[in-house]
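S.K.: First, the structure itself, so that you have it in front of you.
None of the figures in this text is laboratory data; all of them are computed from the coordinates on show. Note that this is a predicted model, so its numbers are computed, not measured. Cβ sites come from the backbone with ideal geometry, for glycine too, and all protein chains shown count toward neighbours.
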Amino acid sequence: MAIQKVGVVGCGLMGAGIAQVSAAAGFTTVAREVAPELVEKGLKGIEKNLARLVEKGTITAAASGEIRGRLTGTTVIDDLNDCDLIIEAIIEQLPAKRELFATLDKICPPGTIFASNTSSLTITEIAAATKRPQRFVGLHFFSPVPVMKLVEVVRTISTEPAVYEEMLAFGAKLGKTTVRAHDSTGFIVNRLLVPYLLDAIRALEEGVGSIEDIDSSMKLGCGHPMGPLTLLDFVGLDTTYYIANIMFEEFRERRFAAPPLLKRMVLSGWLGRKTGKGFYDYADAQNPTAMKF
């Protein structure tokens, strides 16, 4: 069936971004959060993003108004019961996601398609909380959603081919480049990226190079926009640590195991840019300095 109304559960950085691109693509979109202040914060963030696009001349003021007009916020989960597609973008914890989808499964008609924005959990584990695994996919967006072009469209062994094709078409309607991914922990991007980031930390631990030299080597030698240790600070060391642990639990391979230094930094609260300290000290945000270990 054609997607007309989209529900987004979670209105944080990822959820708000997904809601924005959905509305911008012409879909009636409702974003649900657990508290009114979180709904307001998410919608205000979208409005600021749209205002910046108007200032840049990317869209007109009229188009901005039309996009905002297709967006509504709610704290009532029953307001999602007439959505054709519901995309979950809540906390990256399996019990919370399973509880959410079990509730949605009861209030939504059989035709509603469910999708998770998880970056690390298996879609099958989440879908098992519902009675519609055949209408369940992964839609893994990247941050910031309005800017990043990629969406990993993930199918399980239960996903109906027609549903999967519909989700690929939906991603294209959002203006994204879609890639087909199987339901394997980490999908494509994190399956390749996480071991690379963890190896950069091991290289630092083993004295292969300094923080600055490791980052400069990958930027200048491989043409990466930023070095791996800078990227770790940007993503969040706690986020990487959490994903690494999930992937190691799944595959039991050393390349997915979190290095001791990463664990110590997370336990110390050195999580990267968001805490002001990670592999770099961000006391001067314009000129971060490498930490000494």
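S.K.: Can you tell me the relative contact order of the chain? Whole percent, Cα pairs under 8 Å, sequence separation 6 or more. Walk me through the intermediate numbers first.
M.R.: Values: 491 pairs, mean separation 36.8, N = 293.
About 13 percent, as a whole number.
S.K.: Same structure again: Dipole magnitude of segment 5-182 about its Cα centre, charges +1 at Lys/Arg Cβ and -1 at Asp/Glu Cβ only, in debye to the nearest 20?
M.R.: 360
S.K.: If you don't mind, another one. Given 0.36 nm per residue, what is the gain on full extension from Cys222 to Glu205 after removing their alpha carbon distance, in nm?
M.R.: So the chain would gain 4.0 nm between Cys222 and Glu205.
S.K.: Against the longest principal axis of the chain, how steep is helix 211-222, in degrees 0 to 90 to the nearest 10, with axes from Cα atoms?
M.R.: Relative to the chain, helix 211-222 is tipped by roughly 60 degrees.
S.K.: Separate question: At a Förster radius of 22 Å, what calculated FRET efficiency corresponds to the Cβ-Cβ distance of Ala169 and Ile77, to the nearest 0.05?
M.R.: Details: r = 27 Å, r/R0 = 1.22.
Here the calculated transfer efficiency is 0.25.
S.K.: If you build a Gaussian network model of the chain, linking Cα atoms that sit under 10 Å apart, which residue out of Thr29, Thr112, Thr230 swings the most?
M.R.: Top of the fluctuation ranking is Thr230.
S.K.: Under a point spin-label approximation (7 Å from Cα along Cα-to-Cβ), what is the Ala61-Glu253 distance to one decimal in nm?
M.R.: My value for the distance between the label points is 5.5 nm.
S.K.: A further question on this structure: Tell me which residues come under 5 Å, amide H to amide H, from Gly272 once H is placed; ignore anything under 5 positions away on its chain.
M.R.: Amide H neighbours of Gly272, under 5 Å, 5+ apart: Leu237, Lys277, Gly278.
S.K.: Could you run the Debye sum over the Cα atoms of segment 33-113, one equal point scatterer each and no solvent, and tell me log10 of I(q)/I(0) at q = 0.18, 0.21 Å⁻¹, two decimals?
M.R.: -0.89, -1.03
S.K.: If you don't mind, there's one more thing I want to ask. Suppose R0 equals 35 Å; then what is the FRET efficiency for Ala96 and Ala283 from their Cβ-Cβ distance, rounded to the nearest 0.05? Provide the component values of the computation, followed by the final result.
M.R.: Numbers: r = 35 Å, r/R0 = 0.99.
My answer for the efficiency is 0.50.
S.K.: Further, regarding this structure: Residue separation times 0.36 nm, minus the C-alpha to C-alpha distance between Glu212 and Leu261: what's the value? Working shown, then result.
M.R.: Working: separation 49, 0.36 × 49 = 17.64 nm, distance 1.68 nm.
Computed gain between Glu212 and Leu261 is 16.0 nm.
S.K.: For segment 129-274, what is the largest minus smallest coordinate of the Cα atoms on each principal axis, given in angstrom and ordered from greatest to least?
M.R.: 51, 31, 26
S.K.: Now, a different point. How many Å³ per residue does the convex hull of the Cα positions in segment 192-283 occupy?
M.R.: Measuring per residue, one finds 92 Å³ for the Cα hull of segment 192-283.
S.K.: Cα-Cα over 22 Å: which of Lys149/Lys173; Lys41/Lys106; Lys41/Lys277?
M.R.: As for pairs spanning more than 22 Å Cα to Cα, those are Lys41/Lys106; Lys41/Lys277.
S.K.: Would you mind checking the tilt of helix 237-251 against the longest principal axis of the Cα atoms of the chain, expressed as 0 to 90 degrees and rounded to 10?
M.R.: 80
S.K.: Sticking with this structure for a sec: So what are the radius of gyration and Dmax for the Cα set of the chain, in Å?
M.R.: Cα only, the chain: 20.0, 57 Å (Rg, Dmax).
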